Amino acid sequence: MAAVVAADEAEARGDALGALRIIDELARQLPASAAFWRPWRVRRLLQLTTLGPVLPRWVTSRWILAQALQHLSPTGSAAARSRHRRALDLAIALRGGPGTLPGVDEADRMARVMDHDWVYRQLFLYELGGLAAFLRSGASADLVAGADQIQAWAAAPMGGYRLLETSTFGDLWIDLGDREVRVTPNIGSSSLVVPGECVVGRLVPTYGGTMFEAAPLFVPDDVARAVAADPAGWYDALRAVPDGTDSPTCRPAGDLQGLVSDVPSAVLGAWLADVAEVPARERDVPHVLARGALDLAHQLLDPVAELWDDASTEGERQEAVDDLMRRAREAEGDLIDPWSVIGALLLSPDAVRGMATAMLPSDVPLLERLGELLAEPAAEWCRVLAEELPEAA
């Protein structure tokens, strides 16, 4: 527990490397403790430490949200315990009651809700004030100063949205409330949604535009319209879902633990299995993952390389690539957008480590194209790699 408190305090100061060192030191003393830490927490810290210079400020805002959620010790304040208990009760009720929860015992069942339930997360952070409380008394001034309009995030309302289209760098949504079109970065927030389907979620401001503070919730059309008409009544609107909020008709549209990407890990694994020539377990995992991401990008973009080079404007390049991808996806019947997958693979901690051996001089034009097409921070990472590869050679 001393290590947990020390790691929490390091993160609250904005010291991701310090938190990783604490986790590593405990693992050295107690090897079995490696399984104690949430794997997505370790992944976040690795991404923060290895990709720091290329990360936009909204990544720090998402890091703050994650920290606000993980400060849930039973020995905390009475207000924190009450907030946690209330969020659990309300989230479990929408899932169909305690009898519907998976798990080996009560502690495991509660932990699964806290870690993976979309409703619990929303209630704890926003309606019940967990984020505001962490900003007041948990996060350091330096951490908050490095975030992206985090105070506005704490006040962001719920909304209902219909996905119109997904491009290489952005998702287009129509706000079912004011009928305005919103654009969010294509980081996988719509991974499990196809155009025409609806979600509910919180759009938040960033210095680059707007984005979902986390992957939204896929819902039936009537629920999305009800939330758009009455954002504050979103919890009551979800009562209309007949099979609960953990079902095929009502589920997160992406990975709730995502920091730089919302693409679910299962989706990443499926794509990598298609492009990696040798199973990762039989080779160097970082190299295989990095090379697999680059090969997937080559597979998608090489057919339009000549068109790309001949295009006179960025719009012509974008149109050529998007037209190719629309035809490819229609032919294959694949509903998962590949652009967010490429970005997520490139930003994964293993791929970041593997790039040194996986990159080839012939990858430079590809990385330059990806630097113009992908959403941030994957685009900036590709630009950095394209610049460093000739120097390394």
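The values are calculated or read from the model by the stated rules, or taken from the named source; none is laboratory data. Predicted model, so just to flag it, every value in this text is computed and none were measured. Note that we place each Cβ from the backbone using ideal geometry, even for glycine, and neighbour counts take in every protein chain shown. Ligands, DNA and RNA are stripped out before the accessible areas are found, and what is left, the full protein with its side chains, is counted by its heavy atoms. Shrake-Rupley method; radii C 1.70, N 1.55, O 1.52, S 1.80 Å.
What the table shows:
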{"item": "Dipole magnitude of the range 82-131, debye to nearest 20 (Cβ charges: Lys/Arg +1, Asp/Glu -1, about Cα centre)", "result": "140"}
{"item": "Sum of -39500 (n - 2.57) over DSSP H runs of 4+, divided by residues of the chain (222 nm, nearest 500)", "result": "-16500 deg cm²/dmol"}
{"item": "Contact order normalised by residue count of the range 21-171, Cα under 8 Å, 6+ apart, percent", "result": "25"}
{"item": "Cβ charges +1 (Lys, Arg) and -1 (Asp, Glu), total dipole of the chain, debye", "result": "1860"}
{"item": "In range of the label at residue 17: residues from the range 39-65 whose backbone nitrogen is under 14 Å from the point 7 Å along Cα→Cβ", "result": "46-53"}
{"item": "Sites residue 137 and residue 57 - FRET efficiency at Förster radius 22 Å, r taken between beta-carbons, to 0.05", "result": "0.50"}
{"item": "Over the chain, relative contact order from alpha-carbon pairs under 8 Å, at least 6 apart, %", "result": "15"}
{"item": "Pairwise FRET efficiency - residue 165 versus residue 115, Cβ, R0 = 25 Å, nearest 0.05", "result": "0.20"}
{"item": "Options 205, 195, 103, ranked by Cα towards positive dipole end of the chain, top entry (Cβ charges)", "result": "103"}
{"item": "For the range 156-229, alpha-carbon Rg over 2.2 N^0.38 Å", "result": "0.96"}
{"item": "Listed residues 303, 161, 360: farthest to the positive end of the dipole of the chain (Cβ charges)", "result": "161"}
{"item": "Positive-end extreme of charge dipole, the chain - chosen from 389, 129, 174 (charges on Cβ)", "result": "129"}
{"item": "Contact order relative to length of the range 156-229, as percent, for alpha carbon pairs under 8 angstrom and 6 or more apart", "result": "35"}
{"item": "In sequence order, calculated HN-Hα J values of the range 372-388 (Karplus, 6.51, -1.76, 1.60; Hz; x Gly/Pro)", "result": "9, 9, 6, 6, 6, x, 4, 4, 5, 4, 5, 5, 5, 4, 5, 6, 7"}
{"item": "Nearest-0.05 FRET efficiency for residue 49 and residue 270, computed from C-beta distance (R0 22 Å)", "result": "0.20"}
{"item": "Nonlocal amide H pairs with residue 167, under 5 Å, H built at 1.01 Å", "result": "172"}
{"item": "Difference of contour (0.36 nm per residue) and Cα-Cα distance, residue 178 to residue 207", "result": "8.2 nm"}
{"item": "Compactness index (Cα Rg / 2.2 N^0.38 Å), the chain", "result": "0.99"}
{"item": "Local electrostatic count, residue 208, Cβ distance below 15 Å [Lys/Arg +1, Asp/Glu -1]", "result": "-2"}
{"item": "Label-point separation in nm, residue 360 to residue 28, each point 7 Å along Cα→Cβ", "result": "3.9"}
{"item": "Residue order for 162, 95 - accessible surface, 1.4 angstrom probe, largest first", "result": "162, 95"}
{"item": "Assigned charges on the beta-carbon of Lys, Arg, Asp, Glu; the range 8-88 dipole about Cα centre (debye)", "result": "420"}
{"item": "Summed residue charge, Cβ within 11 Å of residue 293's Cβ, Lys/Arg positive, Asp/Glu negative", "result": "-2"}
{"item": "Exposed GluC sites (Glu not before Pro) absent - longest run of the chain, DSSP non-H/G/I/E/B, at most 10 other C-beta within 10 Å", "result": "1-179"}
{"item": "Cβ crowding within 10 Å averaged over residues, with 44-54, 342-352, 61-71 ranked highest first", "result": "342-352, 61-71, 44-54"}
{"item": "Cα pair distances exceeding 17 angstrom across the range 211-264, given as percent", "result": "40"}
